[in-house]
Amino acid sequence: MFSPRLLIISAIAVALVSSALGVSSLYVNAQNNGEEKIVISHGLGYYETTGDVLDPTSSDGTASTGIDPMTYLRSFNYGRTSTLENGVVVREFTLIADDRQTMEVSPGIFYNVWSFNGTVPAPTLRATEGDLIKINFINNGTRPHTIHTHGIHKAEMDGVFEIINPGGGFQYEFYAEKFGVYPFHCHVMPLEEHISHGLYGAYVVDPKTPRPPADEMVMIMNGYDTDFDTENNFYTVNGIPYYYMHHPIQIEKDRLVRVYLVNMLEFDQINNFHLHGNLYNLYRSGTSLTPNELTDMVTLSQGERAVLEFSYKYTGQYMFHAHKTEFAEKGWTGLFSVREG
Ligand SMILES: [Cu+2]
């Protein structure tokens, strides 16, 4: 039987060996007094927990984390606004990168997330086509980071070659064009590492004549490789596996729902979104007001995104999930609860 002290000492020993081998993290899992005990290192200290692990279905998904997926779902950050003499609307955002946070991505599974403004995914930025966007970026982390926003802008605003070191900052400035839905993410190499740890978010640009009113929500598909084998152990929309299964998204019958969907999944080639009991209008990249397709299924590669529009004809509970079964069964599954308006 291991004593807790021995367990921690052995974890430290393994951590030292691992770091010598270039492995940044590990976890050690052992039986201790009949309770499962886990000691986790991300090279940034040790975290201990007890309880159910590796069974996200047994939890209500409310583990303490850097994100509340229900609030996140319908939150859009429009920035601090002002208007120039020529009538252009200026939207100023602040994004602070950090790479020292720990998030319980599933009961008992702590993961060293790298985040913008403390959440994975980052807050959703929103503007109207033609607005002048200013993003005040502060690197509060221990590694270099940037913000690379998809869309049209000057080379020096692309967040690729201007690497921002720890303690540094940068102001990105560009016009919001064209309307659509975009990802933004850190673009420091190795990119895989910076993205898989959580440095991404959604950026929505509305057309000058707004889309019809709707119950709008953002869904970012992601995953977590918690054992560092470059394969994901958990899949989610909006940060927590199975969250919307345990907390169904309430929507109204006959009311238009608009989902801004972004695929930021690292390591896997594709991801997808399947809707039950319904079809949606699919607008690829959101850059047209004419739908590409009426479907219940879209497959997106990394960085691809779409706008989905639908309304439910009947009340009840309807699943939405990845149709890649492995992803669905490792957390990328949710429910819409449709009630009378
Ligand atoms: Cu980074």
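The values are calculated or read from the model by the stated rules, or taken from the named source; none is laboratory data. Keep in mind that this is a model prediction, so the values were computed, not measured. Cβ atoms come from the backbone with ideal geometry, glycine included; neighbour counts cover every protein chain shown.
Tabulated values for the structure
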{"read-out": "Which listed residue is acidic (Asp, Glu) and within 14 Å of the ligand (Cβ to nearest atom), from 156, 92, 162", "value": "162"}
{"read-out": "Pairs where the first residue, in the range 314-329, is free of Cβ contacts under 8 Å to residues at least 60 places away in the same chain and the second is assigned to a helix (DSSP H, G or I), C-beta under 6 Å, 6+ apart", "value": "321/328"}
{"read-out": "Entirely in the range 272-330, the strands (runs of 3 or more DSSP E) that have 3 or more residues that are among the hydrophobic types (A, V, I, L, M, F, W, C)", "value": "297-301, 305-310"}
{"read-out": "Cβ pairs under 6 Å, 6+ apart, first in the range 189-206 and farther than 14 Å from residue 119 by Cα and away from the ligand (no atom under 13 Å from the Cβ), second among the aliphatic types (A, V, I, L, M) and assigned to a loop (DSSP other than H, G, I, E, B)", "value": "205/176"}
{"read-out": "Hey, residue 329 acidic (Asp, Glu) and closer than 30 Å to residue 177 by Cα or not", "value": "no"}
{"read-out": "Out of 233, 281, 271, sole residue that is over 22 Å from residue 143 (Cα atoms), touching a Pro at 6+ places or on another chain (Cβ under 8 Å) and either within 16 Å of the ligand (Cβ to nearest atom) or not assigned by TED's automatic domain parsing to the domain that holds residue 170 (or both)", "value": "281"}
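Rundown of residues vs (1) touching a helix residue (DSSP H, G or I) at 6+ places or on another chain (Cβ under 6 Å); (2) buried (at least 18 other Cβ atoms within 10 Å of the Cβ); (3) at pLDDT 95 or above, yes/no style:
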site: 146; (1), (2), (3): no, yes, yes
site: 154; (1), (2), (3): no, no, yes
site: 178; (1), (2), (3): no, no, yes
site: 183; (1), (2), (3): no, yes, yes
site: 186; (1), (2), (3): yes, yes, yes
